1. So how do 411-423, 45-57 stack up, highest first, on mean other-Cβ count within 10 Å?
2. Dividing the alpha-carbon radius of gyration of region 464-526 by 2.2 N^0.38 Å (N being the number of residues), what value is obtained?
3. Per the Cauchy relation, a quarter of the hull surface: what is the mean projected area of the convex hull of the alpha carbons in region 109-264, in nm²?
4. Once you compute Rg and the Kirkwood Rh from C-alpha atoms, what is the Rg to Rh ratio for region 260-575?
5. Cut-off under 25 Å on the C-alpha distance; same-chain residues fewer than 8 positions from Lys244 excluded. Which lysines are left, in chain and number order?
6. In nm, to one decimal, how far is the Glu155 label point from the Glu225 one, both placed 7 Å along Cα→Cβ?
7. What percent antiparallel are the DSSP beta bridges of the chain, to the nearest 5?
8. Of Gln256, Gly418, Gly144, whose Cα points farthest to the positive end of the dipole of the chain (charges on the beta-carbon: +1 Lys, Arg; -1 Asp, Glu; origin at the Cα centre)?
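Every number in this text was worked out from the coordinates using simple rules, so none of it is lab data. Please read all numbers here as calculations on a predicted model, not as lab measurements. Positions of Cβ are generated from backbone atoms using ideal geometry, with glycine treated the same way; all protein chains shown enter the neighbour counts.
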Amino acid sequence: MAKQLQGIAASPGLAIARAVVLDAEAYVPVRGSVEQPEREVARFRDAIRQAQAEIERIRAVAEEKLGAEKAAIFEGHLLILEDPDLIETVEERIREEAVNAEYALYEASQTFIEALSQLEDESLRERAADVRDVSGRVINALRGVQGGDLSQLAEECVIVAPDLTPSDTAQLNLDVVRGFVTEIGSRTSHSAIMARSLDIPAIVGAGAGVRDIASGSVVVLDAVEGVLLVDPSPEELALYQDKKAQYDRRKAELRQWAGRASVSADGHRVEIAANIGKLEDVQKALDNGAEAIGLFRTEFLYMGRSDLPTEEEQFQSYKYVLEKMAGKPVVIRTLDIGGDKELPYMDLPKESNPFLGQRALRLCLERPDVFRTQLRALLRASRYGNLKIMFPMIAVLEELQEAKKILAEEKRQLIASGVEVADSIEVGMMIEIPSAAVSADLFAKEADFFSIGTNDLIQYTMAADRMNETVSYLYQPYHPSILRLIRHVIDAARAEGKWVGVCGEMAGDLTAIPLLLGLGLHEFSMSAGSILPARELIGSLSFGDWQSLSKQALSLRGHREVQSFVQEQLQRRVSV
Ligand code: PEP
Ligand code: MG
């Protein structure tokens, strides 16, 4: 029997492959004794060679992407690996004390780091960080642990990690990475969201057991049930191979829904759109029959690089998406950085509550240079398709007004300088902060549309950090408090003749969909992989029935009651 771990199925699918373990935490080796010191020395030299090759590779990539000056840091890393003082100290220690190489290297480099840290000269003091980095790389090589350059993975694998940042996720080489599992995280953490747009199976929040998985062991990732099997028996392997084949067949069956409209059984039409984060996601969205892009999370254009994208780079990206969608609506959200989405090169101050801090539009209003560059790129791209601009994280009316004012200024200036800008661009906002939801009637007079960000709306309504798995039980999309806020937002928009979408994860949730349909939602925006099951489900629902059923659901007592109510109703209607 395999060892099993249970986590949160963050992005559905099954994968069977060898594990590649990523080590994100500082690792302190334990002292161990070796019987054959000479062998240990040879192992140490091998690890050095491996680290050298890794650094060479990274140096070449850095030179291409960042220029020779920035790549020079890796020359320094290579020199450390050739430093006779360090190497001889380690080898002597292995020979004289018969200790393991990890420990000998760790101890020797600590001595170097301490000595360097005491020096007056700042540039020499900085070398301490380089020694730490390099010795960590060699220790990883000794332990058979992947060092962290995710774009370099060359063989089919499942990534195993304490956590993956959104920029780690953005770098995954999808030709070989079959899925990932992390120790922490929740369904709405951004790496989970990215896994869904990349359409790769992922389990998050699988707990401390993840630390015991060794690189190279075979794992079965069942991201439908949220189960991970480590070293499966031949019987288990056969069982899961069958399950995977069945899953793939069902996926193929769903393809018939790709070219169809999204219409309920009684003829009520809605729109199913896709959420994207990277340019590659647009093709996935189209392949899955997206009628629009309901959310382009532009912050991913800013990640995985060492400086802000220029206006021209952004313009090219937006133009690409608009042209590719060929006239279909494309909602592009302005930069939503902060929370779990960091940009190290912006050097933002550390905050104790980043999700409640200077995130998204708050930051953009503080950094008009960054904001205006993005707005100009969007305005210039507007003539290539059906662009709608959306502002995130609005709490009070003045923020919307200020953002719109800056947008109007940029538009005027561009037109004055002879640049062509589309005549009418809808300008909308996310509803993801309870204050905005409660006063949606006020916002509806000034925004052209709303898109409800349920991931944040739930976290802020429940006061439960979306990254913290110990409070993940409070992620309750069907709780009447959330449904009532959504109803209020939809009604307020309707009263002003505006449209409303949901672009949080709730839009693709098969239990939430009947309720959202019944409440009169116009647009459902979700990860590409959720579109076809959602369209199939909507095709089987009666809008008329769910208008009254959703009213009943809103008067139930809690999340569980609503969930069972919806599931019973769905079952009853299938069996009639
Ligand atoms: C949301 O909060 O629901 C949303 C769609 O935005 P993000 O997940 O990027 O915060
Ligand atoms: Mg949000």
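1. Numbers: 411-423: 12.1, 45-57: 17.2.
Averaged packing, sorted descending, gives the order 45-57, 411-423.
2. Working: Rg = 12.6 Å, N = 63, 2.2 N^0.38 = 10.6 Å.
With N residues counted in region 464-526, Rg over 2.2 N^0.38 Å equals 1.19.
3. Values: hull surface 54.0 nm².
The orientation-averaged projected area of the Cα hull of region 109-264 comes to 13.5 nm².
4. Values: Rg = 19.3 Å, Rh = 20.0 Å.
That ratio equals 0.96.
5. Those lysines meeting the cut-off are Lys3, Lys284.
6. 2.8 nm
7. On the way: 19 of 59 bridges.
Percent antiparallel among DSSP bridges in the chain is about 30.
8. Gln256
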